[in-house]
1. For chain A, with equal point scatterers placed on the C-alpha atoms only and solvent neglected, what are the log10 I(q)/I(0) values from the Debye formula at q = 0.07, 0.11 1/Å, to two decimals?
2. Rank B:274, B:324, B:92 by mean-square fluctuation in a GNM of chain B with C-alpha springs under 10 angstrom and give only the top-ranked residue.
3. For chain A, give me the percentage of DSSP beta bridges that are antiparallel, rounded to the nearest 5 percent.
4. Below 8 Å between Cα atoms, with a sequence gap of 6+, how large is the relative contact order for the stretch B:59-319 in percent?
5. Over the stretch A:255-508, what is the relative contact order in whole percent, taking alpha-carbon pairs under 8 Å and six or more residues apart?
6. Take every DSSP beta bridge whose two residues both sit in the stretch A:6-240, then give the antiparallel share in percent to the nearest 5.
7. Given only helices, namely DSSP H runs of n ≥ 4 each adding -39500 (n - 2.57), what is the per-residue ellipticity at 222 nm of the protein assembly as shown, to the nearest 500 deg cm²/dmol?
8. Under the 0.36 nm per residue contour assumption, what length would be gained going from the current alpha-carbon distance of residue A:200 and residue A:413 to full extension?
């Protein structure tokens, strides 16, 4: 039997009181793509961050090619031939691709003598593995998908034999995902082994040779793909607590939910233009509408104007051109409070930045935006008795883990903060729901919970605008999908026309607009 | 049922909040004791002087209460803007212009009866303080100039202003120091106790502290102010006009700072005296920091610091130990209280 390239044994890791990993084992054989599957909070990334030297394990051993090693830093990891590509890249954006790749490998400060030689080698590597990148291009001008290839090349240039990819398909179009999978195959043929962290079973089945499932920081099982059944993987990820037959994630929308009539137009957006923070146009003439009882999904690679679009609709960012009407009321900028009062619920994209008051109480957080209206306020005074009663109700209903409404909100964990955001949005009767990445960072049961809530609203006649970077989520929930590319709505598809690859082309800007209607 | 759960969860939090203070005070005193001992003084007697001068004689106690008033108001002038995430370092200037306005009204309308003059004097100080803090507020709103800078700089302007008023406009030639003539008797705060004299400013400060607490915790704009301080971006996203609230918080801080000056003039000096601001700005900010910006805790901390301050002057008088020793103790307390947060994290 061959020696594993990497073996991790009995790994323990705790962050404060939270146990992230408990006696976890992991083995990577030479020349395999090993899927590390689990929901959010399962411990996948933590385990690999330990292998890459970003965290120190509390207990456990790491062996590389059968030799016991200690890894204190990414530098140690690289010296053992281990490289990692994170979800968020650390790149010097004004530098070129080649400069970014060379950063940290130059023998001394300021020596750029062998840049030309290196560029040739990068070009060769890129060509060899099908990682299409121009070494002289400046990183800030590249889309996310290409930046990821830069990150992979960075590792390959350093000669890694173990490449760890953390959720690499986030923000890639389906075409880019296919290309990435082909590149991974090419790397394996050259003797590189890959650890592929993901929460998507389909990706595991598509590209991996073996899969290890983690749940709640513990091993569930490891199987070769040939023996892996999709159903087992689902069970392994979620345990017994989820009713899979009625799950949106695994069973999809019920058929009777497709036969459903839509009501009046609730969100009407005509030729909308919105500025980004730097005064350039981020949304450049968008037109669409959302009807009562409809989920309208907006797909697109992050940074194509989604944030600005949503903020303009909520009155947070001024409308620079065109016309937005929500529930019959024109929105130009600054109407947020009255929109919330009229039943426009909002789940912001960045929960920590945009929706959370860390230094205030949980109760303070639960009434944010609704604090001027009854029952929370009477005139200019707050009704704390009512607020506390409501807060207790929401804490229980949404299973927010906290000691009570007067607990400091900074004590909440990420998943609990998202539950708080949901509780706040869903606590009031709504006619319109605007949700931006509502399930980002949530574990599977919580994601499922959000989907049920969204579909329940939709079935009760709420107009839902769902902006998401997760195309699978959009395909699952939406009645129509509009695709944003560079601030323009490049196409709107009905549910019958949903086609991942066509949407992918639109997201990448390579789809030719057909002269419809 | 829910009420019971709330109060249950509050009890350990109380201990949690008070614990670090006790530790900080004990450690600071121990550290100061080492110095006092090294300087060759009797450490226990020094401790006794610092802590008990306030409670040994009626005079000591009244002195403490008189210091408590400007300390509390100055601390609130710092903590209210802080709740909105703004730093008001201009409490001193606001105190001075408040005092100037109070003296001006008290001198110009000296003939008015007390029922009119006293409210006018205090109102003038509040308005003057609001204007003095409103200038940085406007600069912040209009040009996004940091309020830290502008509030500090306006302190220096106020130093010149008090000189001008006391030397050029209403000078008292009999005084050897820049001083104005006294205000009308109707503008003087009534006394609670005649001998030693204690004016009603003590009650006023407590009532104002209560109002500030009520404002921040029970009113809608108070909530918005706290939300702005907790996360201005999120407050903005949820429809709160954070720029207006930043200005409002500074203006309220200015009102409190101005009132502290008005009370000093109407209650203590009955005239404007150059230098009457003492070191209340520093002590007020120390108070606010020890209270960790919590306005509800300010009166208690202010009382404690007033005790230390009165102890400090006694220390200097009776034991010849420099009173600055007490400032060091106070600063150490701030350090240890802030440090306890870091440690617990």
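1. With one equal scatterer per Cα and no solvent, log10 I(q)/I(0) is -0.43, -1.06.
2. Among B:274, B:324, B:92, the largest mean-square fluctuation in the Gaussian network model of chain B belongs to B:324.
3. On the way: 47 of 82 bridges.
If we restrict to bridges inside chain A, about 55 percent are antiparallel.
4. Working: 499 pairs, mean separation 104.4, N = 261.
Relative contact order for the stretch B:59-319 comes out at 40 percent.
5. Numbers: 504 pairs, mean separation 69.4, N = 254.
Over the stretch A:255-508, the number comes to 27 percent.
6. 55
7. On the way: 31 runs with 423 residues, N = 862.
It lands at -15500 deg cm²/dmol.
8. Numbers: separation 213, 0.36 × 213 = 76.68 nm, distance 2.33 nm.
Extra length from residue A:200 to residue A:413 when fully extended: 74.3 nm.
Throughout, read-outs are computed from the coordinates displayed, never taken from laboratory work. Bear in mind that the values here come from a model prediction, so they are computed numbers and not experimental data. Using ideal geometry, Cβ is built from the backbone for each residue, glycine included, and neighbour counts are taken over all protein chains shown.
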